[in-house]
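The values are calculated or read from the model by the stated rules, or taken from the named source; none is laboratory data. Bear in mind that the values here come from a model prediction, so they are computed numbers and not experimental data. Here Cβ is always computed from backbone atoms with ideal geometry, including for glycine, and neighbour counts include all displayed protein chains.
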Amino acid sequence: MPVLSQLLTGKVISHEKLVEGFYRVRIAAESLARQAKPGQFALIRCSSTFDPLLRRPFSFHDIDAEAGTVSFLYQIRGKGTQLLSQIKEGEQLDIMGPLGKGFYLPEKPAKTVLVGGGIGVAPLLFLARTLKERGYSLTVLLGAATGEQVLCRQEFEALGAEVQVATDDGSQGHRGYVTDLLEKVLERIAVSLVYACGPWPMLKKVAVACRGKDVPCQVSLDRAMACGVGACLSCVCRTRRNGKNYARICREGPVFDSEEVLWDDE
């Protein structure tokens, strides 16, 4: 039976600036920490007023069920996230969640690759922690514009994952795209499953690479959302479900099988 989302307020336990423009906030929210699954998200009101009116969507970045805390990793992209970055420890945040369909986790441990581009790394740490607890072998591929913007490398390495990095300027790891690394990994080892989150062009390349090697792939799609529950139809994408049809990213997603998505429609 699916878990129903809830409205709650959570106290900010910590709020840190990782690098310029990127922040991580940890919130005391015991019920969310118990219920959230990797790949799901929450809607957060970013200020104490109704300006901006709409909550903003953030994927669950990490969970500490024992401590009853949830963490969100985000990038400043507009007014909402700018206001959120000013929230201090001890303040309260208005949250709605958990929402959406998360990642599918096979029962048997497998050789798994996680691909994160930029802020797309956000949902992958919670996923990696969950997979590691189930005995999965993990390779994590991180892409960023610069070495300074490579996020969460130490956290993934602490889980025992093999971590590879690609940067646009070559200041850390491979000079080029994170999809270059994926293509090499798929050539080198037998991969059972790929999970990915990042910009649309990156995800399209991931889907093509996995299709070429007949490797199942799940992608987490990032879209601006209004209601978060599928009523307003503002966050749709084209899929192959029931022929060519639209799917609501907030409701049927944000996680999809990469073969379901009609990538060329964008």
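Can you go through Leu54, Leu43 and tell me which one is among the aliphatic types (A, V, I, L, M), under 16 Å from the mean Cα position of the chain (by Cα), in the same structural domain as Gly90 (by TED's automatic domain parsing) and closer than 21 Å to Leu221 by Cβ?
The unique qualifying residue is Leu43.
Looking only at the stretch 57-84, which residues are surrounded by 23 or more Cβ atoms within 10 Å (Cβ to Cβ) and more than 12 Å from the chain's Cα centre (by Cα)?
Scanning the stretch 57-84 gives Ile63, Val70.
Which of the residues that make up the stretch 232-242 are under 18 Å from Arg45 (Cβ atoms) and either among the small types (Gly, Ala, Ser) or not in a loop (DSSP other than H, G, I, E, B) (or both)?
Ser234
Failed condition for Lys204, given (1) part of a helix (DSSP H, G or I); (2) in contact with a His (Cβ under 8 Å, 6 or more places away or on another chain), with all others met?
Going through the list (1) part of a helix (DSSP H, G or I); (2) in contact with a His (Cβ under 8 Å, 6 or more places away or on another chain), Lys204 breaks only (2).
Here's a check for you: in the stretch 217-230, which residue that is in contact with a Pro (Cβ under 9 Å, 6 or more places away or on another chain) and part of a loop (DSSP other than H, G, I, E, B) is surrounded by the fewest Cβ atoms within 10 Å (Cβ to Cβ)?
Step by step, filter the stretch 217-230, then rank; the result is Ala224.
Of these, Val261, Val208, which one is hydrophobic (A, V, I, L, M, F, W, C), touching a helix residue (DSSP H, G or I) at 6+ places or on another chain (Cβ under 9 Å), farther than 16 Å from Leu114 by Cβ and surrounded by fewer than 22 Cβ atoms within 10 Å (Cβ to Cβ)? Show your work before the answer.
Working: Val261 fails: surrounded by fewer than 22 Cβ atoms within 10 Å (Cβ to Cβ).
None of the other options fit; the residue is Val208.
Table: residues versus (1) surrounded by 24 or more Cβ atoms within 10 Å (Cβ to Cβ); (2) at pLDDT 95 or above; (3) out of contact with any Asp or Glu (no Cβ under 9 Å at 6 or more places or on another chain); (4) not in a loop (DSSP other than H, G, I, E, B).
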{"position": "Val113", "(1), (2), (3), (4)": "yes, yes, yes, yes"}
{"position": "Ala128", "(1), (2), (3), (4)": "yes, yes, no, yes"}
{"position": "Val163", "(1), (2), (3), (4)": "no, yes, no, yes"}
{"position": "Ala166", "(1), (2), (3), (4)": "no, yes, no, yes"}
{"position": "Gln172", "(1), (2), (3), (4)": "no, yes, no, no"}
{"position": "Glu183", "(1), (2), (3), (4)": "no, yes, yes, yes"}
{"position": "Tyr195", "(1), (2), (3), (4)": "yes, yes, yes, yes"}
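Out of curiosity, is Ala161 assigned by TED's automatic domain parsing to the domain that holds Val215 and in contact with a helix residue (DSSP H, G or I) (Cβ under 9 Å, 6 or more places away or on another chain)? Talk me through it step by step, then tell me what you get.
Numbers: assigned by TED's automatic domain parsing to the domain that holds Val215: yes; in contact with a helix residue (DSSP H, G or I) (Cβ under 9 Å, 6 or more places away or on another chain): yes.
In short, yes.
Working only within the stretch 205-245, note down all residues that are of a type in the set (A, V, I, L, M, F, W, C) and on the phi > 0 side of the Ramachandran plot.
Of the residues in the stretch 205-245, the ones of a type in the set (A, V, I, L, M, F, W, C) are 206-210, 215, 217, 219, 221, 224-227, 229, 231-233, 235-237.
Result: Leu233, single match.
Of the numbered conditions (1) aromatic (Phe, Trp, Tyr); (2) free of Cβ contacts under 8 Å to residues at least 60 places away in the same chain; (3) not in a loop (DSSP other than H, G, I, E, B), Phe50 fails exactly one; give the number of that condition.
Against the list (1) aromatic (Phe, Trp, Tyr); (2) free of Cβ contacts under 8 Å to residues at least 60 places away in the same chain; (3) not in a loop (DSSP other than H, G, I, E, B), Phe50 comes up short only on (3).
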